[in-house]
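Asker: Attaching a single structure in structure tokens format; questions to follow.
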Amino acid sequence: MKIIEVDAKNRILIKKIFDNEIESFGIMGGADMWMIMSFIRYGKLYVLLNEDNELLSVAQYQGVLGKKEVFLYGFSTSLKERGKGYGKILLEETHNRLRKLQIEKVYLTVDPDNMKAINMYKKAGYTIEELQKDEYGKGIDRYLMIKNLL
């Protein structure tokens, strides 16, 4: 396995990321191609690949202006690879890379019903800060979770 920061020239990998977004979140919930390219060019987009360069997990970070903080916009593992610990591996390594960049804090939002994700984030050191009611539209609530990196 290897973790790489995605480069804008790697169009084959970018297409795999886009397909994973649709598979994981559907047409309305995932990052589209414009967002993916924005993460690559102006944030951080990391992937975990297996030995055959198949996509296992994806982490998309965007910076918080004027602060040493990032928002974990998107985090997913390929449907066929879930439950194997790949997300945990990618999350831990991206935290290490963000620390080297002097990032102090990571924010994310998660569906309050997504207990698998919530438990993974808690094990990684995130805490639930608040319930954001109707965050992404009426009836679409999210927990705001935060992790201090330094």
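The values are calculated or read from the model by the stated rules, or taken from the named source; none is laboratory data. Predicted model, so just to flag it, every value in this text is computed and none were measured. So basically every Cβ, Gly included, is an ideal-geometry build from the backbone, and we count neighbours across all protein chains shown. Only protein heavy atoms, including side chains, enter the accessible area calculation; ligands, DNA and RNA are left aside. Shrake-Rupley method; radii C 1.70, N 1.55, O 1.52, S 1.80 Å.
Asker: Which net charge results for the neighbourhood of Asn20, defined as the other residues with beta-carbon distances under 12 angstrom from its beta-carbon, given Lys and Arg at +1 and Asp and Glu at -1?
Answerer: The answer is -1.
Asker: Which one, Thr94, Asn114, Ala8, is farthest towards the positive end of the dipole of the chain when Lys and Arg carry +1 and Asp and Glu -1 on their Cβ?
Answerer: Most positive-ward Cα: Thr94.
Asker: If I stretch the segment between Thr127 and Met33 completely, what's the gain in nm (0.36 nm per residue apart, minus their alpha carbon distance), one decimal?
Answerer: Answer, rounded to one decimal: 30.8 nm.
Asker: Nearest 0.05, what FRET efficiency do Arg82 and Asn148 give at R0 = 30 Å with Cβ-Cβ as r?
Answerer: Efficiency, rounded to the nearest 0.05: 0.65.
Asker: May I pose another question? So which of Lys15/Lys116; Lys9/Lys44; Lys84/Lys133; Lys67/Lys147; Lys15/Lys133 end up more than 24 Å apart by C-alpha?
Answerer: In this structure, Lys15/Lys116; Lys84/Lys133; Lys15/Lys133 lie more than 24 Å apart at Cα.
Asker: To continue, here is another question. Looking at the chain, send over the antiparallel percent of its DSSP beta bridges, to the nearest 5.
Answerer: That works out to approximately 90 percent antiparallel.
Asker: Another question, if that's okay. In region 101-150, which trypsin sites (Lys or Arg not before Pro) fall in coil by DSSP and have 12 or fewer other Cβ atoms within 10 Å?
Answerer: Sparse-neighbourhood loop trypsin sites (Lys or Arg not before Pro): Lys133, Lys138.
Asker: How large is the accessible surface per residue of the chain, computed with a 1.4 Å probe and reported in Å² as a whole number?
Answerer: On a per-residue basis, 58 Å².
Asker: Also, quick follow-up: Loop-only check: which GluC sites (Glu not before Pro) in region 65-150 are DSSP coil with at most 15 other Cβ within 10 angstrom?
Answerer: Taking region 65-150 and a limit of 15 other Cβ atoms within 10 Å, the loop GluC sites (Glu not before Pro) found are Glu104, Glu135.
Asker: Among residues other than Lys116 whose Cβ falls under 14 Å from its Cβ, what is the net charge (Lys/Arg +1, Asp/Glu -1)?
Answerer: Taking every other residue near Lys116 into account, the sum is +2.
Asker: While we're on this one: Taking all protein chains as present, what is the carbon and sulfur share of the accessible area of the chain, in % to the nearest whole number, probe 1.4 Å?
Answerer: Its accessible area is 51 percent carbon and sulfur atoms.
Asker: Mind listing which trypsin sites (Lys or Arg not before Pro) in region 59-101 are in a DSSP loop and have 16 or fewer other Cβ atoms within 10 Å?
Answerer: When the trypsin sites (Lys or Arg not before Pro) of region 59-101 are filtered for loop state and at most 16 Cβ neighbours within 10 Å, Lys67, Lys68, Arg82, Lys84 remain.
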